[in-house]
Amino acid sequence: MNTENAQYGLTPRERECLALVAQGHRVAHIAHQLGVASVTVEFHLKHARTKLDARTLPHAVALALASGQIVGAAPVSEAMSGAAA
């Protein structure tokens, strides 16, 4: 993890976007769900990757999960159907 950026941690919105990616959602769906533009979701994900010093989005998700900044998520099929996890 990038120690210079790690001291600040992820913002709540960055964590929320990463958690939704971890569930398997695509940027367009996340944007619709959060009521923001896709470019805004991409902005949050890019900043999260930078703070986590991750090369890719899946790497950022793995690092956020490993560091406890996001928690394991229900699969997309359960999240979309409204089933309890």
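The values are calculated or read from the model by the stated rules, or taken from the named source; none is laboratory data. Values in this document were obtained by computation on a predicted structure and should not be read as measured data. Cβ sites come from the backbone with ideal geometry, for glycine too, and all protein chains shown count toward neighbours.
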Requested in this report: Output the residue which, of all residues in segment 38-74 that are loosely packed, with under 13 Cβ neighbours inside 10 Å and in a loop (DSSP other than H, G, I, E, B), is modelled with the lowest pLDDT.
Outcome: 72
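When segment 35-68 is examined, which residues are found to be among the basic types (Lys, Arg) and in contact (Cβ under 8 Å) with a residue 40 or more places away in the chain?
Within segment 35-68, just 51 meets the criteria.
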